[in-house]
Amino acid sequence: MRLSDQFGYDLTLTDKDALASWNATVLAFLSHGKTTPVHLESCLSTSPNFALAHAARGMFCLLLGRKELNATARECLEIAKTSALHTPITERETAFVRALDVWLDGFPSRSADILDAMLVRVPEDAFMMKVIHAIRFILGDAVGMRQSIDRVYSAYDETHPAYGYLLGCRAFSLEETGDYRVAEASGRRGLEFAPDDAWGLHAVAHVHDMTGRSEEGVGWLENHPHGWAHCNNFGYHVWWHLALMYLDQGQADKALARYDADIRKDKTDDYRDISNAASLLVRLELEGVDVGSRWEEIAQLSDKRAEDGCNVFADLHYLLALLNGGRRMGADRLLTGLKERSKTETDLGRISADAGLPTGLGLEQYRKGNYASAFSLLKSARDTLHTIGGSHAQRDVFERITIDAALRAGFSSEAETVIKSRSNKRGALDRFAEQRLEICGRMQKAEQVMEDENLRAANSY
């Protein structure tokens, strides 16, 4: 006889201990808890033929964006398929196996579509909801994230065990689609039901960042110190948000302190951790801060990941580290890989061609000091850059480099256009934008003086 999970849906499980471990896995995953793999392994050790758990493990591997884990994910898929042949599984579980299959074929977008189609039939499955949210996040599909949540939102109420986590995901999708007021309310409300929902906590921080309220953002995060203590490496990312708030307040020393004490406390090579580090160092340097030898550590790790080719967002942040850390050969290998992948007919190929390669080449030109070329390349990818995944806040490092390239190239009007476009998307001017607009103004006045015929020396010949 099949058992049901905490959301009331049947599982191909008969062991109550395995069920308890599975339910714990799901709740840990929803909260970005570091115990997620521990509970999952406990579940599989008790019920080694549980196809859904194997499919979930495979998806977790792919979400990590590490080349060596692709083989593990494929093994998970084969075990799940074999298990399904011996013991028929539910349609919901089948959808997860199919989703893993198409993702391994190179199409995470189709994977999300398969799960979204099933989620409409099992709207209270918060695990499926969160997995879809995660996949669409790495695809930069903010509209898809929001639509997915909207379709099932009415199925939840305060009695649902994952109600708070749903509100946290809703908050993030609302923020990424520009509905800042409702996003903040949803995130705050969600924490009343799931105080360990670091995703919802950080969604509210995103709102503070996007609406130019860094002082409030500092208070928000500093007043919730236990909100991400239970987290896996996502905790480093929340610290990163606090560092960004400090930097916007002009407190670069505090941002650097957070970098050393928390963001790079553990010298991991997870691409999300590298991206936190690289993007913060770039922001600091754009503000004239000497970051010392900090590039060397992440450049060395990025060199070993230069040929992973699993995720364009990861590639571009590895490239930042390689270029700024002086790893020329590593940068060349990474760019060569981007060029090759841009020729393939997969999601990764499309993203590499449309956004990854021009951005990568732009970063290379910027590092070489060819600012006009850098600006042209970076600007050409602005409209498609969201497809590399991540959030507005994370991709903003490339916006800042684009603006700086324009200013260094002497393109004051073009820089002003990008700054205003960025500010319209964000909903408010931040310190970075205000300072660069002032620079644009000074440059344009100087240009007017240079063009004023009345101020030119008279021809004495």
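The values are calculated or read from the model by the stated rules, or taken from the named source; none is laboratory data. Keep in mind the model is a prediction, meaning the values are calculated, not measured. Note that we place each Cβ from the backbone using ideal geometry, even for glycine, and neighbour counts take in every protein chain shown. Calculation scope for accessible area: heavy atoms of the full protein, side chains included, ligands and nucleic acids excluded. Shrake-Rupley method; radii C 1.70, N 1.55, O 1.52, S 1.80 Å.
When residues of region 115-132 are filtered for being open to solvent by less than 20 Å² (accessible area, probe 1.4 Å) and either of a type in the set (Lys, Arg) or touching a Cys at 6+ places or on another chain (Cβ under 8 Å) (or both), how many remain?
2
Search region 417-430 for residues that are open to solvent by 50 Å² or more (accessible area, probe 1.4 Å) and pair each with any residue that is modelled with pLDDT of 90 or more and hydroxyl-bearing (Ser, Thr, Tyr) when their beta-carbon atoms are under 8 Å apart and the residues are at least 6 apart or on different chains.
GLY427/TYR180; GLY427/THR211; LEU429/SER423
Just a yes or no: is a residue in region 277-300 over 20 Å from ARG367 (Cβ atoms) and not β-branched (Val, Ile, Thr)? If you could, list the steps in order and put the result at the bottom.
Filtering region 277-300 down to residues over 20 Å from ARG367 (Cβ atoms) leaves none.
Within region 277-300, none of the residues are over 20 Å from ARG367 (Cβ atoms) and not β-branched (Val, Ile, Thr).
Can you say whether ALA261 is over 26 Å from ARG367 (Cβ atoms), at pLDDT 95 or above, open to solvent by less than 10 Å² (accessible area, probe 1.4 Å) and of a type in the set (A, V, I, L, M, F, W, C), as far as the supplied structure shows?
No: the conditions fail for ALA261.
Residue under question is ARG272, and the condition is that it be open to solvent by 10 Å² or more (accessible area, probe 1.4 Å), under 22 Å from CYS231 (Cβ atoms), in contact (Cβ under 8 Å) with a residue 24 or more places away in the chain and in a helix (DSSP H, G or I); does it hold? Don't jump to the end; show me each part of the working.
Values: open to solvent by 10 Å² or more (accessible area, probe 1.4 Å): yes; under 22 Å from CYS231 (Cβ atoms): yes; in contact (Cβ under 8 Å) with a residue 24 or more places away in the chain: yes; in a helix (DSSP H, G or I): yes.
For ARG272, the condition - open to solvent by 10 Å² or more (accessible area, probe 1.4 Å), under 22 Å from CYS231 (Cβ atoms), in contact (Cβ under 8 Å) with a residue 24 or more places away in the chain and in a helix (DSSP H, G or I) - is met.
Could you pull out the residue among ARG74, ARG57, ARG66 that is closer than 20 Å to GLN6 by Cα and either modelled with pLDDT of 95 or more or within 20 Å of the chain's Cα centre (by Cα) (or both)? Write out each step before concluding.
On the way: ARG74 fails: closer than 20 Å to GLN6 by Cα; ARG66 fails: closer than 20 Å to GLN6 by Cα.
Checking each option against the conditions leaves just ARG57.
Looking only at region 283-308, how many residues end up being β-branched (Val, Ile, Thr) and open to solvent by less than 10 Å² (accessible area, probe 1.4 Å)?
Of the residues in that region, 2 qualify.
With the structure loaded, tell me whether GLU399 is at pLDDT 90 or above and loosely packed, with under 12 Cβ neighbours inside 10 Å or whether it fails that test.
Criteria not met by GLU399.
Hey, can you tell me all the residues within region 15-44 that are touching a Phe, Trp or Tyr at 6+ places or on another chain (Cβ under 8 Å) and over 18 Å from ASN233 (Cβ atoms)?
Across region 15-44, the qualifying residues are ALA18, TRP22, VAL26, CYS43, LEU44.
Could you list all residues from region 185-210 that are of a type outside the set (A, V, I, L, M), open to solvent by less than 30 Å² (accessible area, probe 1.4 Å) and in a loop (DSSP other than H, G, I, E, B)?
Within region 185-210, just ASP197 meets the criteria.
What pairs can you find where one residue is in region 337-350 and under 14 Å from THR384 (Cα atoms), the other is open to solvent by 90 Å² or more (accessible area, probe 1.4 Å) and at pLDDT 95 or above, and their Cβ atoms are less than 7 Å apart, with a gap of 6+ or different chains?
GLY349/LYS343
Which residue is least open to solvent (accessible area, probe 1.4 Å), if the candidates are limited to region 44-73 and must be part of a loop (DSSP other than H, G, I, E, B) and farther than 24 Å from LEU139 by Cβ?
PHE50
So, ALA374, is that one open to solvent by less than 60 Å² (accessible area, probe 1.4 Å), closer than 15 Å to VAL418 by Cα and either over 18 Å from the mean Cα position of the chain (by Cα) or of a type in the set (Asp, Glu) (or both) or not?
Yes: the conditions hold for ALA374.
Residue by residue, here is whether (1) assigned to a helix (DSSP H, G or I); (2) hydrophobic (A, V, I, L, M, F, W, C); (3) within 30 Å of SER111 (Cα to Cα); (4) open to solvent by 30 Å² or more (accessible area, probe 1.4 Å) holds:
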| residue | (1), (2), (3), (4) |
| --- | --- |
| ASN276 | yes, no, yes, no |
| SER279 | yes, no, yes, no |
| LEU320 | yes, yes, yes, no |
| GLY326 | no, no, no, yes |
| GLY330 | yes, no, no, no |
| LEU338 | yes, yes, yes, no |
| ARG350 | yes, no, yes, yes |
| ALA355 | yes, yes, yes, no |
| GLU364 | yes, no, no, no |
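Restricting the first residue to region 169-184 and requiring it to be assigned to a loop (DSSP other than H, G, I, E, B), which pairs with a second residue that is basic (Lys, Arg) and surrounded by fewer than 19 Cβ atoms within 10 Å (Cβ to Cβ) meet a Cβ separation below 8 Å and a spacing of at least six or different chains?
Going by the 8 Å Cβ cut-off, the qualifying pairs are GLY178/LYS425.
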